[in-house]
Amino acid sequence: MKMASVASAFFLVLAQANAMAQPAPFDMSTERPAGESSPAPGQEPAIGAAQPSAGTGLVAGAPQFHRRYVIPAEMLTLSGENDQRTWSVYLTAEQAKAGARLNLGYQNSIFVAPEASRLTVHINNTLVVDEPISSPEGIKEFSYDIPYALLQPGANLISVQAVQRHRTDCSIESTYELWSNIDPAITYLAFEGGTAGVWSGIDDIKTLGSNAHGRTEFRLVAPALDQRRATQPLLMLAQGLALLTNTPNQSIVIDGSDVSPSEKGQVTVLVGTAAELAPLLPELPPTAHNNPVVAFASQSGSDLPVLIVSAPDWQGVETAIGRITSASHDGTTDQREKYATSPWRFPDAPFLFSDSHIRFSELGIRTQEFAGRRLRTDFNIGIPSDFYADSYGQATILLDAAYSDAVEPGSHIDVYVNGNIATTVPLTSSGGGIMRHFPVRTTLRHFKPGLNTVAIEAILKTEEDEVCAPGATADKTPRFALFDTSEFHMPAFARIARRPNLAALSGTSAPYGRRDSQPIPVFIGRGDPDTLTAAATLLARMAVAGGRPIDVELAASPAALSNRNGIFLGPLADIPPTALTQLGIDSTSLTGWGQKSSSAVDEARTDAALDEWRSKVSGGIWHTPLTAISGWLKRNFDISMSSLQFSPSADRKFVPPDNATFLIAQSANPSNDGTWTLVSAPTVKELRDGMLAMSTETNWNQITGEIVTYEGSEKTVTSRPVTNFSFVETLPPSLANYRLIAANWFSTNILSYALVVGAIALLLAFATGKLLSMLGRRS
Amino acid sequence: MRKAGIVLIWAAFSVGLIAMVMIPINLQTQLILGLLAVTVMGVIKILKAEGNWRLVALAFGTAIVMRYVYWRTFNTLPPANQPENFIPAILLYLAEMYSVMMLALSLFVVSRPLPPRPSPTPPEGKFPRVDVFVPTYNEDPALLANTLAAAKGMDYPADRLEVWLLDDGGTAQKRNSDKLLEAQAATMRHRELQTLCADLDVHYLTRDRNEHAKAGNLNNGMKHSKSELIAVFDADHAPARDFLKETVGYFSEDPKLFLVQTPHFFLNPDPVERNLQTFEKMPSENEMFYGIIQRGLDKWNAAFFCGSAAVLRREALESANGFSGISITEDCETAVELHSRGWSSVYVDKPLIAGLQPATFASFIGQRSRWAQGMMQIMRFRFPLFKRGLSIPQRLCYMSSTLFWLFPFARATFLVAPLFYLFFDLQIFMASGGEFLGYTLSYLLVNLMMQNYLYGSFRWPWISELYEYVQTVHLLPAVVSVIVNPRKPTFKVTAKDESVLVNRLSEISRPFFVIFAVLLVALIVTVYRFQTDPFKADVTLVVGGWNLLNLILAGCALGVVSERAEHSPTRRVRVTRRCEFGLGGRWFPATIEDVSVNGARVQVYGDLGEMPTSARAEIRFKPYSSATEEILPVEVRNRETEGNLTAIGCRYLPEIARHHSLVADLIFANSTQWSQFQQARRRNPGLIRGTAWFIGLSIFQTYRGLSYLFRTLGSDKASVVARKEKTA
């Protein structure tokens, strides 16, 4: 119905960038994974046949400059006295060749002293921008020429650094008032000439990166989406695209036929047989009628190209999709060495599976001298999904650092793991000091499967800062140095997977993304665009977390999921009741969710608030020393009544709270040999919106425990911790690993340890008694 | 088969416990375990549960100690690339591991001490012949007279008993010394003792040369005698009448028995006890050894010879060429040798001799230096762990006894370690305040509880530490020197006849004041650092607490080296014996209340009339050894009349040898008195009360030590030690 208008709204030009420069036929054979059957003889230049129409050239109205947005976040905030972000930007050969400018827009806090603060940008380690930070009132925009031949095809490193000093204040607290925000909407690389935006191969999808909102958004337009046949290929395509761009904030919207001008920043992907796509796209590459085709076209009024995935039939479409997924991952089943974060955090985070030492230089931390009062620097490491050392383990940072004699006792170095304080090391000697591989023990409590950020913060107190003479903040005498020879030491840690464990899903898409995994059955309630959008976004996000596409199959009935790992996705009404029972969701919520008010949540909130207030209210004279002691005890031991329980309280059925609009739940399957995950919402609309919201980096990282809900109106995420779980072995049995597993289990069930040791001691004592009456002289 | 089964089960539980202990649990879990262990041990202690429950308490304690060792080894040592921290850290670590090893060994030794048992009596008419050896070097004839008389008075067929005085002070070598004075004294002594022996009807024996010290002297005695059994008494160790009756019977029971050892009971306090005034109420230091450790050793057939108060089998000694004399502790050395040749030993837990302890702190240290050096020599020359012929339990037992004397190293390290942190800010123990609480404190508590559990009524809390500390200061160099030069030390006889006439500081007291001052400064530094460095306040508190503990010990030691004047030079033993008191030819009914080596206190009924002090009087009583009453001449020293009763303090005036026998009969005849006296002191104050008492004691002794110091500095009077003339 809309199709006609859609077609006219489009100016599609098949992009054959190289075809313009050279007569060689557009050949995609390089994108074809080895071993894939080549097209039938006689159709050899299969896609090349599209060339004539592809050579149409630029369409009038196409922008003179092609913009490549570069900020991989909704807002890039550089805060504190010294902050830096490095990431890589993938550029096509054309882009690298083209003359380019860097456009940069930022705004800073009013407290930043312009004379002492600088914003610098390095591209491929060459200084491109070096400006005083002086735009407190509004966004300031710059444009810089990028030196010729600085950009390369493929990955280019962009490093943004802000050195900021306070105008008047020398206190530690004042450093929290220093920030500069870099606006993703006006920070981009601008390439001369229209060809820079033209993609010529599947690999060029990697150049997509983030859009002006710091997100990566695809819209798959598949006229045949209501055919079940199409669902599985679409889900695979979603994963392939997500992996190619590999950015943290991805959403993949699936649409049937609406090809109306997409929202800004959305890349349109047309998927379907040639016959299905023909009405949408008159200029469909003719080869699509004969062969699987992956082709690109540009879209008028947009910097973003259009991707066409087509073939004569759906089997061919799958083949075309296979080219994309296989380009997104090398198909290796080797253990994952790195968590590929370069598109938003360089370098890639090394995966630590066992006892390992990593130098700071390998983690992207450079030797730095620091003249301010609060130095913060961080790095990422990857942790496998079967990490089970959060209760007992300790990692060690072997710190190489030095501090000058200006630094006074009372200064300290703090280590944060995923934003939680893990250790404090006081700097005590007043005459300065050098730390050589000084061991800083860091609890593993806050580590989780997947990506983890460890931050090191030096808090430096000096006499000059106490006095704070005018201009003192601008002093450049170094007080502290951190050396890149420092090491992060991860000891061998317990490894065993737990079921359920949503943190493993969000961290590394375990257990679905396992290397040796069979196709994962996915039960999808219905084939409407909203449900499919949720499914595609979920799987795309999981593929990024797992670093590989997940082979999925569409389950026709819940029976297909028994005895297997599986995923249920759909509005609650579509989910089979057996699955709900298994997942611990109260089946009355089938009718109730979204209507009744939930007292449980309110109660929990009240309790939490009361606790918080208790800690805020200080009592009389007696209270202070007592709280000091109990506070010390709490900090050091953190023993509460709940930690003394033997077994967790019986599972309560989960009733989705009224304000929750979306939930993810996980449990064992009925035969307890697989993991079931449920993604659901009261309505398909909420399902779609909830999933899109959860796919952002911040929300995705909050997927932990056994049930996670998203409250649409408050935009908050709530998770219910795991109460009952079972272990799933992931490594060949070994005594060393069992010992560490026991360590973690006992450290969580602390009474059990004391009792087991006590029981053995008791038995040993009686055995000793027997032995003693047997040995030596008897009385 | 059943035996193997039990061993297997025991081994399985042990492995299980070790495996559990080696699990790297977190701090909270450790804390809960510590709480559980302390609670269980406390409950067992309060309920006074014995038998297997004693082992349960020890097993809980062991688990905590093992956890501490595990944690200490893998989590607290600083990295080796910081030598300034690492080297002292390793020393401290070794000292701690030494302590743990000693704890383990002593747990083994006293796992189940043999309870006292009735002694077998030798079959009637088959009493073996016994030679009694009393080796002497420079002891006073009066002292020897008491000992010989007591030995002679032992309840044993007279024809089966020979007493020998083995005099090394009157040897030909000494009599012909080039030093005139020495030669004269030796000749005098030779003559005097010969007369004494003739009077008492004992053999006098001396030799040509003073070779191999005490061992050589004893071997010389063996050459000249031929009885089946040999009893050895030090010159000041007078036996009770029942000594042989209680010991000889064992030899006919076991033909491979070489030794029956009995405890050494002392009539006078050692310098520590005297200066702290604990002799009357607290068990003596050696009671832990004789009251429980020897009993524990006995369980493993490893009770060893302590040089005196023992009976040995000649055949066994001859098989090993007599007493061994490589080391200066010939006693223990001889026992190792004979145990390794398959002979066995028995320990009789009943005081059957009464002896004297050195009176001055310096002599006390001299005695301990000899023991320490001798045990080190045994370690060096007869390393018991690998000595062939010893059973495994015997090896462990001897290792425990010899290694014990390495304590000066550990004690010195514990003393110095906190100073590294307080003065130099070195991190030699990498742990947070919380970890100290969870691991170190629970370990210390459990350790104290185990000690109290094992030795509670024999050793009060902190007394071991005090004795170790006061010895360490002077023993450390002695032990180092014997390790460097193992053949150098020579046998030195401990002087036991000194007495302190005025309050004074010991001549070797200076280091104690220096150490005290240093620790006091460290305490001030603790307070300063606690305030200036709030980030490390918890660690400062722990290390400062440790230093405070050292300071309390060091303060108490100031009292130990501040020697009190003795009012009553020898200990009075309570007896209650009917007698008659004769004055000026009249006889009054009387009771002997208490006796000492020098005199007695008598309650007399009736009107004595005028009586000058130092009047001559007589006591008539029936000795245990004979059926008729006999008379002992005395001199009246003081009197106190209350109605018809007059309490008279008098001094013996022994004139003939028989008088010595009477004195010996009064003091030494009844060994039950000694047991009663010991029993009266053996009570366990418990950990909390014991600690509180010790702190109080320490505060007072610190004050006393400092006041002695200021008085000495003020008057600068030369210290006075006098060898007290004893009237015979």
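Residue by residue through the range A:742-753, note down the ones that are of a type in the set (Val, Ile, Thr) and surrounded by fewer than 21 Cβ atoms within 10 Å (Cβ to Cβ).
The answer is A:Thr748, and nothing else.
Return the residue satisfying two criteria in turn: it lies in the range A:403-420 and is buried (at least 16 other Cβ atoms within 10 Å of the Cβ) and small (Gly, Ala, Ser), and of such residues it is farthest from A:Asn501 (Cα to Cα).
Only one residue tops the list, namely A:Ala406.
Do we have B:Arg67 as within 11 Å of another protein chain (Cβ to nearest Cβ) and among the charged types (D, E, K, R) here?
For B:Arg67, the condition - within 11 Å of another protein chain (Cβ to nearest Cβ) and among the charged types (D, E, K, R) - is met.
Can you name every residue in the range A:712-742 that is among the charged types (D, E, K, R), more than 30 Å from A:Phe662 (Cβ to Cβ) and away from chain B (no Cβ under 14 Å)?
A:Glu729
Would you mention how many residues in the range A:56-85 are at pLDDT 90 or above, assigned to a loop (DSSP other than H, G, I, E, B), among the small types (Gly, Ala, Ser) and surrounded by fewer than 19 Cβ atoms within 10 Å (Cβ to Cβ)?
The total comes to 0.
Exactly one condition in (1) farther than 12 Å from B:Gly582 by Cβ; (2) not in a loop (DSSP other than H, G, I, E, B) is not met by B:Glu618; state its number.
All conditions are met except number (1).
Among the numbered criteria (1) in contact with a Pro (Cβ under 9 Å, 6 or more places away or on another chain); (2) modelled with pLDDT of 65 or more; (3) closer than 30 Å to A:Pro577 by Cα, which single criterion is violated by A:Glu697?
(3)
Determine the pairs where a residue that is in the same structural domain as A:Met542 (by TED's automatic domain parsing) and at pLDDT below 90, located within the range A:499-514, has a partner that is surrounded by fewer than 23 Cβ atoms within 10 Å (Cβ to Cβ) and of a type in the set (Ser, Thr, Tyr) with Cβ atoms under 6 Å apart, the partner being 6 or more residues away or on another chain.
none
Considering only residues that are touching a Cys at 6+ places or on another chain (Cβ under 7 Å) and either buried (at least 21 other Cβ atoms within 10 Å of the Cβ) or within 30 Å of A:Pro248 (Cα to Cα) (or both), look in the range A:421-474 and name the one that is nearest to the other protein chains (Cβ to nearest Cβ).
Filtering the range A:421-474 for residues that are touching a Cys at 6+ places or on another chain (Cβ under 7 Å) and either buried (at least 21 other Cβ atoms within 10 Å of the Cβ) or within 30 Å of A:Pro248 (Cα to Cα) (or both), the one nearest to the other protein chains (Cβ to nearest Cβ) comes out as A:Asp465.
Looking at B:Glu192, B:Glu246, which is the one that is surrounded by fewer than 17 Cβ atoms within 10 Å (Cβ to Cβ) and assigned by TED's automatic domain parsing to the domain that holds B:Val348?
Going through B:Glu192, B:Glu246 in turn, the sole match is B:Glu192.
Looking at (1) under 21 Å from A:Asp355 (Cβ atoms); (2) of a type in the set (Ser, Thr, Tyr); (3) without any contact (Cβ under 8 Å) to a residue 40 or more places away in the chain, which is the one condition that is false for A:Thr443?
For A:Thr443, the failing item is (3).
Looking only at the range A:669-692, which residues are over 21 Å from the mean Cα position of the chain (by Cα), within 30 Å of A:Phe727 (Cα to Cα) and surrounded by 20 or more Cβ atoms within 10 Å (Cβ to Cβ)?
Within the range A:669-692, A:Thr675, A:Trp676, A:Ser680, A:Ala681 meet the criteria.
Which ones in the range B:473-532 are more than 29 Å from B:Leu403 (Cβ to Cβ), of a type in the set (Ser, Thr, Tyr) and part of a helix (DSSP H, G or I)?
Matches in the range B:473-532: B:Thr526, B:Tyr528, B:Thr532.
Just for strands (runs of 3 or more DSSP E) wholly inside the range A:385-485: which have at least 3 residues that are farther than 22 Å from A:Gly80 by Cβ?
A:394-403, A:433-443
Can you name the residue in the range B:120-159 that is in the same structural domain as B:Leu205 (by TED's automatic domain parsing) and without any contact (Cβ under 8 Å) to a residue 60 or more places away in the chain and is also farthest from B:Ser225 (Cα to Cα) among such residues?
B:Pro157
I'd like to know if the range B:443-457 contains one or more residues that are under 30 Å from A:Val440 (Cα atoms) and crowded, with 21+ Cβ neighbours inside 10 Å.
Checking the range B:443-457: at least one residue is under 30 Å from A:Val440 (Cα atoms) and crowded, with 21+ Cβ neighbours inside 10 Å.
So B:Phe108 ticks every box in (1) part of a strand (DSSP E or B); (2) within 14 Å of another protein chain (Cβ to nearest Cβ) but one. Which box is left unticked?
Condition not satisfied by B:Phe108: (1).
Which members of the range B:285-297 meet the condition of being crowded, with 24+ Cβ neighbours inside 10 Å and either over 13 Å from the mean Cα position of the chain (by Cα) or in a loop (DSSP other than H, G, I, E, B) (or both)?
B:Gly296, B:Leu297
Which pairs do you get when a residue that is in the same structural domain as B:Arg314 (by TED's automatic domain parsing), found in the range B:208-231, comes within reach of a residue that is of a type in the set (Val, Ile, Thr) and in a strand (DSSP E or B), reach meaning Cβ atoms under 6 angstrom, with the pair 6+ apart or on two chains?
That search, which allows pairs on different chains as well, returns B:Ser227/B:Val130; B:Leu229/B:Val130; B:Leu229/B:Val311; B:Ala231/B:Val130; B:Ala231/B:Val132; B:Ala231/B:Val311.
Looking at the range B:84-103, is at least one residue within 7 Å of chain A (Cβ to nearest Cβ) and in contact (Cβ under 8 Å) with a residue 40 or more places away in the chain?
no
Being at the interface with chain B (Cβ under 7 Å from one of its Cβ atoms), among the charged types (D, E, K, R) and in a loop (DSSP other than H, G, I, E, B) is the filter here, so list the residues in the range A:743-779 that pass it.
Residue satisfying the conditions is A:Arg777 alone.
So is B:Glu273 within 23 Å of the chain's Cα centre (by Cα), assigned by TED's automatic domain parsing to the domain that holds B:Leu143 and part of a helix (DSSP H, G or I) or not?
Against the criterion (within 23 Å of the chain's Cα centre (by Cα), assigned by TED's automatic domain parsing to the domain that holds B:Leu143 and part of a helix (DSSP H, G or I)), B:Glu273 qualifies.
Residues A:Thr709, A:Thr704: which one is more than 14 Å from chain B (Cβ to nearest Cβ), part of a strand (DSSP E or B), in contact (Cβ under 8 Å) with a residue 12 or more places away in the chain and touching a strand residue (DSSP E or B) at 6+ places or on another chain (Cβ under 9 Å)?
A:Thr709
The values are calculated or read from the model by the stated rules, or taken from the named source; none is laboratory data. No experiment lies behind these values; they were computed from the predicted model shown. Glycine also receives a Cβ, built like all others from the backbone with ideal geometry; neighbour counts cover every protein chain displayed.
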